[in-house]
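Asks: Here it is, the structure in full.
The values are calculated or read from the model by the stated rules, or taken from the named source; none is laboratory data. Bear in mind that the values here come from a model prediction, so they are computed numbers and not experimental data. Cβ placement follows ideal geometry from the backbone for every residue including glycine, while neighbour counts extend to all protein chains displayed.
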Amino acid sequence: MNVPKHILPIIVISQFFCTSLWFAGNGIMPELESNFNLGESALGYLTSSVQFGFIVGTLIFALLSVADRYSPSKVFMMCAFLGAMFNMCIIWKGNTFVTILSFRFLTGFFLAGIYPVGMKIAADYFEKGLGKSLGYLVGALVIGTAFPHLLKDIKGSLPWESVVMITTAIATLGGILMFGLVPNGPYRKPSQHINISAIPTIFKESNFRAAAFGYFGHMWELYAFWAFVPVILQRYMEKHAEMTNAIPFLSFIIIAIGGLGCVLGGYLVQKFNVKQIAYLSLLLSCICCLLLPFVFYINSLEIFIAFLLFWGIVVIADSPLFSTLVAQNAPVALKGTALTIVNCIGFSITIISIQLLNALQTVTDTPIVFSILALGPIVGLLAIRRRKKSV
């Protein structure tokens, strides 16, 4: 079946607009800390708050089979509106640390109806070439995640609240575009009722479990790396007496370049095996985790930035590939639930790695602590290797 040409671009644009909510708080962290008297550990807590909200949201959405029982485009729009509303709340002058945490949690909760639901919409349209389509989709997530850092860099004399207002506005627009221009896909097979046994049923399939555990290992590293990119840059520049005013822009570039990795991976799987490309990407990312402590002491900003750019590409390139494997090995009527619950567990893992790094940062500033990020990729590589042997 021929899919209208506008469908994939609209899904990608909507995903980009709406996922800009994710790191809206991270992009203005110094301003939040100074305006609301937040401590140095606020970065880890606020990032984890969004992740925790996303986890709770995906768990509830999965248990209720929301993405399979209702029109995904409608779910996407409603969650975009609500996520944008709670994102806007962080500019309230009466905020405290607790209220900001709460608003970030609620923003994360409604992101559960954006990211995995966007993948579900893509899967409903692109049964063939799903890896390529999800490559574009996750690439949009990456750029959307990095976007607040760019806004902070270019806002000039504008108040910090402008970053929040812009991300709120474009997220609302993204919801409208998805609902207005992307109807239910031709491969959608709606579920008619709540299926509490859906999650155990999905995980009985060994190939599904292998793909899911590969994704879980990838997630241990991904968001912790993204959250601490500004910290890594700050530490390096302070040690080597470099200018630190470029950190917001460099953070944007290092995170956003992962979108290129996602798209490239999507094209590679049209010629090579999905599992092989996912394995290679995760292996390279694992190597980057282990090399960081050594590269950190090289007195060349150009080499260090080039290293982080490469890491930014490979750290996310396997994400759409794992999502493709998850979707391909899930029951058709439970595809949305499968993608949602795997996201739920994956993002639960990110809280552990982020908080572990957050705690270690208060004890020591040595870059060796970032080597713990390699633990997840190692587990993921073992899971993929077992899957490769079973095929």
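Asks: Six or more apart or on different chains, Cβ under 7 Å: which pairs go from a residue in segment 316-338 that's part of a loop (DSSP other than H, G, I, E, B) and buried (at least 24 other Cβ atoms within 10 Å of the Cβ) to one that's of a type in the set (Phe, Trp, Tyr) and modelled with pLDDT under 85? Could you list them?
Replies: Matching pairs, first to second residue: 330/208.
Asks: Follow-up. Go through segment 261-283 and count every residue that is buried (at least 18 other Cβ atoms within 10 Å of the Cβ), in contact (Cβ under 8 Å) with a residue 24 or more places away in the chain, within 25 Å of residue 144 (Cβ to Cβ) and not small (Gly, Ala, Ser).
Replies: The qualifying residues number 6.
Asks: Out of everything in segment 99-136 that is small (Gly, Ala, Ser), closer than 21 Å to residue 277 by Cβ and touching a helix residue (DSSP H, G or I) at 6+ places or on another chain (Cβ under 7 Å), what residue ends up being modelled with the lowest pLDDT? Break it down stepwise before answering.
Replies: Of segment 99-136, the ones small (Gly, Ala, Ser) are 102, 108, 112-113, 118, 122-123, 129, 131, 133, 135.
Cutting the leftovers down to closer than 21 Å to residue 277 by Cβ gives us 122-123, 129, 131, 133, 135.
Narrowing the set further to residues that are touching a helix residue (DSSP H, G or I) at 6+ places or on another chain (Cβ under 7 Å) leaves 122-123, 131, 133, 135.
On the way: 122: 84, 123: 79, 131: 71, 133: 79, 135: 82.
Among those residues, the one meeting the criterion is 131.
Asks: So residue 91 fits all but one of (1) surrounded by 24 or more Cβ atoms within 10 Å (Cβ to Cβ); (2) modelled with pLDDT of 85 or more; what number is the exception?
Replies: All conditions pass for residue 91, except number (1).
Asks: Which residue pairs have Cβ atoms under 6 Å apart, sit 6 or more places apart or on different chains, and have a first residue in segment 66-85 that is touching a residue at least 40 places away in the same chain (Cβ under 8 Å) and a second that is part of a helix (DSSP H, G or I) and of a type in the set (Asp, Glu)?
Replies: none
Asks: From 230, 183, which residue is modelled with pLDDT of 85 or more and part of a loop (DSSP other than H, G, I, E, B)? So that I can check it myself, show each step before the final result.
Replies: Numbers: 230 fails: part of a loop (DSSP other than H, G, I, E, B).
Just a single option satisfies the conditions, and that option is 183.
Residue-wise test of (1) surrounded by fewer than 24 Cβ atoms within 10 Å (Cβ to Cβ); (2) of a type in the set (Ser, Thr, Tyr); (3) under 13 Å from residue 11 (Cβ atoms).
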residue	(1), (2), (3)
68	no, no, no
74	yes, no, no
81	yes, no, no
86	yes, no, no
102	yes, yes, no
111	no, no, no
115	no, yes, yes
138	no, no, yes
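Asks: Only one of (1) over 20 Å from residue 16 (Cβ atoms); (2) touching a residue at least 40 places away in the same chain (Cβ under 8 Å); (3) not in a helix (DSSP H, G or I) fails for residue 94. Which number is that?
Replies: The one condition residue 94 does not meet is (2).
Asks: Let me ask something else. Take segment 137-167 and flag every residue that is modelled with pLDDT of 80 or more, assigned to a loop (DSSP other than H, G, I, E, B) and either under 27 Å from residue 334 (Cβ atoms) or out of contact with any Pro (no Cβ under 9 Å at 6 or more places or on another chain) (or both).
Replies: Filtering segment 137-167 for residues modelled with pLDDT of 80 or more gives 137-144, 146-148, 150-151, 159-167.
Of the ones still in play, those that are also assigned to a loop (DSSP other than H, G, I, E, B) are 159-160.
If the condition is that a residue be modelled with pLDDT of 80 or more, assigned to a loop (DSSP other than H, G, I, E, B) and either under 27 Å from residue 334 (Cβ atoms) or out of contact with any Pro (no Cβ under 9 Å at 6 or more places or on another chain) (or both), then 159 is the only one that fits.
Asks: Restricting to segment 296-353, and then to whatever is at pLDDT below 85 and polar (S, T, N, Q), can you tell me which residue is farthest from residue 285 (Cα to Cα)?
Replies: Among those that are at pLDDT below 85 and polar (S, T, N, Q), it is 337.
Asks: For residue 298, state whether it is aliphatic (A, V, I, L, M), part of a loop (DSSP other than H, G, I, E, B) and farther than 17 Å from residue 131 by Cβ.
Replies: Working: aliphatic (A, V, I, L, M): yes; part of a loop (DSSP other than H, G, I, E, B): yes; farther than 17 Å from residue 131 by Cβ: yes.
When the stated conditions are applied, residue 298 passes them.
Asks: Something else now. So is residue 54 within 24 Å of residue 345 (Cβ to Cβ), modelled with pLDDT of 80 or more and either in contact with a Gly (Cβ under 8 Å, 6 or more places away or on another chain) or not in a helix (DSSP H, G or I) (or both) or not?
Replies: When the stated conditions are applied, residue 54 passes them.
Asks: Scanning segment 190-219 for residues that are at pLDDT below 70 and in a loop (DSSP other than H, G, I, E, B), which turns out nearest to residue 122 (Cα to Cα)?
Replies: This residue is 190.
Asks: Right, next: Starting from residues that are assigned to a helix (DSSP H, G or I) and touching a helix residue (DSSP H, G or I) at 6+ places or on another chain (Cβ under 6 Å), keep the ones in segment 237-249 and report whichever is surrounded by the fewest Cβ atoms within 10 Å (Cβ to Cβ). Step through it out loud before you land on a result.
Replies: Here is the first cut: in segment 237-249, the ones assigned to a helix (DSSP H, G or I) are 237-239, 247-249.
Remaining after also requiring touching a helix residue (DSSP H, G or I) at 6+ places or on another chain (Cβ under 6 Å): 247-249.
Values: 247: 21, 248: 22, 249: 14.
For segment 237-249, the residue satisfying everything is 249.
Asks: I've got another one for you. Out of the residues in segment 233-247 that are more than 21 Å from the chain's Cα centre (by Cα) and either among the aliphatic types (A, V, I, L, M) or within 20 Å of residue 48 (Cβ to Cβ) (or both), state the one that is modelled with the lowest pLDDT.
Replies: So the first thing to find is which residues in segment 233-247 are more than 21 Å from the chain's Cα centre (by Cα), and the list is 234-246.
Filter once more, keeping what is either among the aliphatic types (A, V, I, L, M) or within 20 Å of residue 48 (Cβ to Cβ) (or both): 234, 237, 241, 243, 246.
Working: 234: 89, 237: 89, 241: 77, 243: 71, 246: 82.
Among them, the one singled out is 243.
Asks: Separate question: For the subset of segment 122-131 comprising residues that are touching a Leu at 6+ places or on another chain (Cβ under 9 Å) and part of a helix (DSSP H, G or I), which member is surrounded by the fewest Cβ atoms within 10 Å (Cβ to Cβ)? Show your work before the answer.
Replies: Residues of segment 122-131 that are touching a Leu at 6+ places or on another chain (Cβ under 9 Å), as a first pass: 122-123, 125-126, 131.
Pick out the ones that are also part of a helix (DSSP H, G or I) and you get 122-123, 125, 131.
Numbers: 122: 28, 123: 28, 125: 22, 131: 24.
Looking at the filtered set, the residue picked out is 125.
Asks: Show the residue pairs that are 6+ apart or on different chains and have beta-carbon atoms under 7 Å apart, the first residue being within segment 366-382 and closer than 9 Å to residue 292 by Cβ, the second being acidic (Asp, Glu) and crowded, with 16+ Cβ neighbours inside 10 Å.
Replies: Correct list of pairs: 373/221.
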